[in-house]
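Engineer: One structure, as structure tokens, below. Some questions next.
The values are calculated or read from the model by the stated rules, or taken from the named source; none is laboratory data. Everything numeric in this text was worked out from a predicted model, so none of it was measured. Cβ placement follows ideal geometry from the backbone for every residue including glycine, while neighbour counts extend to all protein chains displayed. The area values use the complete protein model at the heavy-atom level, side chains included, leaving out ligands, DNA and RNA. Shrake-Rupley method; radii C 1.70, N 1.55, O 1.52, S 1.80 Å.
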Amino acid sequence: MIDGTNGASIAIDSLVARAGRTVLTRVSLSWGSGTHAILGAREDGGPLLMATLAGRVVPRSGAVRVLGEAARSPGARRQVAHIPIEASLPDALRVDEVLALATTLRGEPTQDHAARLAMLGLEALVDRPVRSLLPGEVRAVALAEALTSARVRVVLLEEPFVTMDARAIGRLPQLLRDRAEQGAVVIVATASVGDASDLAQDHVLLRRGTLVRRGGAQDLLAGFWQDGNNARLRVVLRDEDDGRALAAALARQPAVVAIERLAGALCARGRDAEALARAAGHAAVEAGVDVAELRFDPPSLDEARARTPLLQTETRPS
Amino acid sequence: MTAALARLPFARLTRGVAAWVTTGAWTMLAFAVAIIARARGAVHGADLVLVGTVGALVLPLLAYGLVGAAIGGRSLSTSGASLVAFGAAPASAAAVTIAIAAVGCAAAGAFVAAGVALVAHGLADPAPAGDALASAYVGALGGGAYACWFSLGATFGRRGGGRALFLVADWVLGTTAGAILTPRAHLLTLLGGPSATHLSGRSSSVALVFLAGACALMAAKRCRT
């Protein structure tokens, strides 16, 4: 059993579950309040694990306890918000009616519906029929309900930035952190190493349904950054026309081994992340261009797996 | 809690196009046949249309469509998934959906049967008011029973495709030795048609109630997980 918390709010013991071709094999772990990430592709079992925690999938064997109760118990269900990629809301109702219904079913005090949605910048959707919403809007409304509910203590969010309303994306990371600081268990399942390290304090890595490793973001990525020319710095320009001049200046920097032109940005690759950032600064000054943003691009899950020994190691639970 | 769970199936029935189109289309067919029967001066016009059109065709298909609308064209268990996500018990969500569908089908069945009894009334039919009342009762009972029957069907298949199988089974079994297990035979008996079950009207009423209850219980039980 891999246990990173004391007084866990979620405890999973030797869980075996299956949905379609995806399986979970003897997964044991626990989570307390805070932000946590399940890192892996969909077929690795993250969404299945979330569905099991939400009581939507019956385990073949093993125990899943959420907030001290069986995951499928009504008491646990009322305190869990599960937002999968294909989230659904009661289809024939308006958004304000959905929030009123959720309030009744969760057994919590009534709140102003527009104010709840405003947390994610969605107040304009308050009187829209659910049938008229885009999939990203549906997910964002479901997330707003979860984050503003007085009853919800476990938030299960699959791929936070995929199929998510643009208005909600910018506010999402801070709101998840705030919710966790209030004592909630916030779990995101993602295939993006970058999203996992941005959003969560710790990570569990699933591979083909088996729990591989648990650790912090830096633990998972340390090997990747130390191995070869893996540092990738995205330089976003204020003026797209400055791209050619900056590329020429970057090419003269020894720390830069490759440059890629992107829409409105350049991507510089090098061995050392710090040297790369310094080189970008020097190049911007030398070329006389305005830089809007410097951002290190995280590796994809496949890249990370291929180059990081830690991610290739499978430690099956005994 | 029950009122909250009823909001979704009720909204599907009252706000969705499918429910209105289904009700409108089958009601119009029933009334069109009733008008034709009256125009031809059929002496048992009401009996003829109630047995041959309403009981045999309109009521099953009306209930089939309304149940489909109440569950949003999915399986019964997935139709309540969005309520379960807010903490509702799956069996409760299913039971309330079945109840709303049954009430809707009973109301529609009563309206169609009573209306047809009045419109197609022939010289040899019983007094119009009494006949309409009796027909409304049978229509309501049949509509409710069919709603529960198709709700059980909707628990089979990923998208509730079992509902169509139950429609076929009702047609096929309704005239054979297995008729006692289907709403069709009992409904036709109550409407005055040929009895495949050889049961009295009272027994057929009890059988319909029992069948509806059994189907509803089994459907809700199948949605527990």
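Engineer: Sum up the charges of everything whose Cβ sits under 9 Å from the Cβ of A:A87, counting Lys and Arg as +1 and Asp and Glu as -1, but leave A:A87 out.
Structural biologist: Computed value for this residue: -1.
Engineer: Okay, moving on. Using Cβ-Cβ distances only, list the Cys residues of the protein assembly as shown with no partner cysteine under 4.7 Å, sorted by number.
Structural biologist: Among the cysteines of the protein assembly as shown, those whose Cβ sits 4.7 Å or more from every other are A:C267, B:C105, B:C223.
Engineer: Now a separate question. Provide a whole-number value for the mean count of partner chain Cβ atoms within 10 Å of the Cβ atoms in peptide A:89-101.
Structural biologist: That works out to 5 on average.
Engineer: Once a ≥ b ≥ c are taken as the square roots of the eigenvalues of the Cα gyration tensor of segment A:72-190, is the result rounded (a/c under 1.5), prolate (a/b larger than b/c) or oblate (a/b not larger than b/c)?
Structural biologist: In terms of gyration-tensor shape, rounded.
Engineer: Okay, next question. With no solvent and one point on each alpha carbon, what is the Debye value of log10 I(q)/I(0) for segment B:115-182 at q = 0.12, 0.16, 0.17, 0.25 Å⁻¹?
Structural biologist: -0.47, -0.70, -0.74, -0.97
Engineer: Debye sum, Cα scatterers, segment A:49-141, no solvent: what log₁₀ I/I(0) at q = 0.19, 0.20, 0.21 1/Å?
Structural biologist: Log-scaled intensity ratios, in q order: -0.95, -1.01, -1.07.
Engineer: Average projected area of the Cα convex hull of segment B:95-225, in nm²?
Structural biologist: Across all orientations, segment B:95-225 yields a mean hull projection of 8.1 nm².
Engineer: So, one more: Rounded if a/c is under 1.5, else prolate if a/b is larger than b/c, else oblate: which is the protein assembly as shown, with a ≥ b ≥ c the root eigenvalues of its Cα gyration tensor?
Structural biologist: Cα axes put the protein assembly as shown in the prolate bin.
Engineer: In addition: Just checking the output field for A:71-82: average partner chain Cβ neighbours within 10 Å of each residue's Cβ?
Structural biologist: 3
Engineer: Take the solvent-accessible surface of the protein heavy atoms, probe 1.4 Å, and return the percent of it on segment B:1-67 that carbon and sulfur atoms account for.
Structural biologist: Taking all protein chains in place, segment B:1-67 shows 74 percent carbon and sulfur surface.
Engineer: In addition: Ratio of Rg to Rh for segment B:24-84, alpha carbon only, Kirkwood?
Structural biologist: 1.24
Engineer: Taking a probe of 1.4 Å, how large is the accessible area per residue of chain B, in Å²?
Structural biologist: So chain B comes to 42 Å² accessible per residue, rounded to a whole number.
Engineer: Work out how much length B:R15 to B:V43 would gain on full extension: take 0.36 nm times their residue separation and subtract the Cα-Cα distance, in nm to one decimal.
Structural biologist: Separation in residues times 0.36 nm, less the Cα-Cα distance, equals 6.1 nm.
Engineer: Let me ask something else. First compute the accessible area of segment B:122-224 with a 1.4 Å probe, then give the percent of it belonging to carbon and sulfur atoms.
Structural biologist: 72
Engineer: Now, a different point. Round to the nearest 10 and give me the degree value, 0 to 90, for the angle of helix B:2-15's Cα axis relative to the longest principal axis of chain B.
Structural biologist: 60
Engineer: Under a Cβ-Cβ cut-off of 12 Å, what is the net charge of the residues other than B:I98 that fall near it, where Lys and Arg count +1 and Asp and Glu count -1?
Structural biologist: Neighbour charge sum, excluding B:I98 itself: +2.
Engineer: Find the Cα radius of gyration of chain A, compare it with 2.2 N^0.38 Å by division, and give the number to two decimals.
Structural biologist: With N residues counted in chain A, Rg over 2.2 N^0.38 Å equals 1.11.
Engineer: Stick to Cα atoms and the Kirkwood definition of Rh, then tell me Rg/Rh for chain B.
Structural biologist: A ratio of 1.00.
Engineer: Sticking with this one: Taking the Cα atoms only, what angle lies between the long axis of helix B:162-173 and the longest principal axis of chain B, rounded to 10 degrees?
Structural biologist: Helix B:162-173 sits roughly 30 degrees off the main axis of chain B.
Engineer: Also, quick follow-up: Per-residue accessible area for B:M218 at 1.4 Å probe radius, Å² rounded to 10?
Structural biologist: It works out to around 100 Å².
Engineer: List the accessible area buried at the contact between B and A, summed over both sides and calculated with a 1.4 Å probe, in Å² to the nearest 100.
Structural biologist: 1800
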